[in-house]
């Protein structure tokens, strides 16, 4: 999984980066301190971020044969790829048992095997971030993975101004998107790309997806504008 993570870091121009953990540590709630990180003055935040940024980057991961190590002070998080990878691994187990039709839901990361038993597509709903009782789009997939990265479920602060998808190039929460949904051939690919495109933003993220084979995306930007990749329509279920 580490090597795959490095591959997707390169594909996304460093916007998907598992070495971002030192930045996440800054934003986490710490009990019994006078001020949480998000309450500090911008200058204080920037100073701490500048220090943490020295520990960020895929070059901090050293692979030597079968050995993987980190340079001193660096940490990794697999939160942006692990669920997709787990869904892929679960599906492989099912395939090896002779199962031909299956859907695996790994904490919201969806991976499908074949069609439904009757031959229909698997239906996946994209939840409206402004009203989670509604869906913005319904997708029909046959063997693909569907993953959404959004800024509307996990926040560091009560004011919901700092969320968990950190831009590894700035140290602050990525702020151009609300939601990114990727459809791809594997859960691992969909999971990593959803995070990477979220950080890249709608314009650069869409440019990247259009260059990739068998990958489609739906992006909702911070102003609630919706963007579709050129091939997404084949997966959208019409009412």
Pairs, first farther than 10 Å from residue 180 by Cα in the stretch 203-226, second in a helix (DSSP H, G or I), C-beta under 6 Å, six or more apart: 215/209; 216/232
Count of residues meeting criterion [part of a strand (DSSP E or B) and without any contact (Cβ under 8 Å) to a residue 12 or more places away in the chain] in the stretch 150-201: 1
Criterion: over 21 Å from residue 186 (Cβ atoms) and without any contact (Cβ under 8 Å) to a residue 60 or more places away in the chain - qualifying residue of 6, 55: 55
Filtered residues of the stretch 15-52 (kept if surrounded by fewer than 18 Cβ atoms within 10 Å (Cβ to Cβ) and not in a helix (DSSP H, G or I)): 28, 29, 30, 31, 32, 33, 34, 35, 36, 40, 41
Evaluation of residue 234 against (1) exposed (fewer than 15 other Cβ atoms within 10 Å of the Cβ); (2) in contact (Cβ under 8 Å) with a residue 40 or more places away in the chain; (3) closer than 27 Å to residue 94 by Cβ (one fails), failing number: (2)
Every residue from the stretch 79-100 that is surrounded by fewer than 14 Cβ atoms within 10 Å (Cβ to Cβ) and in contact (Cβ under 8 Å) with a residue 60 or more places away in the chain: none
Count of the stretch 34-76 residues which are modelled with pLDDT under 95, within 22 Å of residue 161 (Cβ to Cβ) and touching a helix residue (DSSP H, G or I) at 6+ places or on another chain (Cβ under 6 Å): 1
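The values are calculated or read from the model by the stated rules, or taken from the named source; none is laboratory data. Owing to the predicted nature of the structure, the values given are computational and were not obtained by experimental measurement. With ideal geometry, Cβ positions are generated from the backbone for all residues, glycine too; neighbour counts draw on all protein chains shown.
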